[in-house]
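Some notes on the structure that comes next.
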């Protein structure tokens with residue numbers, strides 16, 4: 001199953017950071033006794049590349065690291081995150097039908113161009129119900 005969410009970033013300072021969160025809510029709750037596993041996460045930037053971003057990481061509200069990716073400045077097209085946690089996400093969910101990811105972004109040391117309207121990052125999660 002694929003689910004998507006968007007994160008709006010306001011342009012930061014060269015070498016600065018941005019933190020925020022995004023939640024994805026399912027229409028129905030995860031059935032009792034079922035597990036949810038994260039198979040992959042991809043990011044797509046409204047700029048078409050990630051020259052403005054040095055690294056990205058996502059964690060559960062509990063602080064459990066979930067995904068990360070460094071050395072992003074040369075990536076064009078989608079960026080595929082490294083899954084750091086492959087356990088059951090249900091205990092980390094904020095309620096039975098909502099997954100929340102806390103994001104931390106490290107901007108590139110030098111951002112070559114200006115983004116006056118900010119940047120939209122579309123996050124696509126590939127999850128499996130077991």
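Bear in mind these aren't lab numbers, they're just calculated from the coordinates by the rules spelled out. This structure is a prediction, so every number in the text was calculated from the model and none was measured.
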Completion exercise
Residue span residue 95 to residue 39: 0.36 nm per residue of separation minus Cα-Cα distance leaves a gain in nm of 18.1 nm
Completion exercise
Percent of all Cα-Cα pairs per 10 Å bin for the chain, counting from 0 up to the last occupied bin, reads 12, 46, 28, 12, 2
Handout entry: Estimated D of segment 52-94 in µm² per second, where Rh is the Kirkwood radius over Cα pairs and Stokes-Einstein applies at 20 °C, 1.002 mPa s
Key = 186
Handout entry: Computed over the chain: relative contact order in percent, which uses C-alpha pairs under 8 Å that are six or more apart
Key = 46
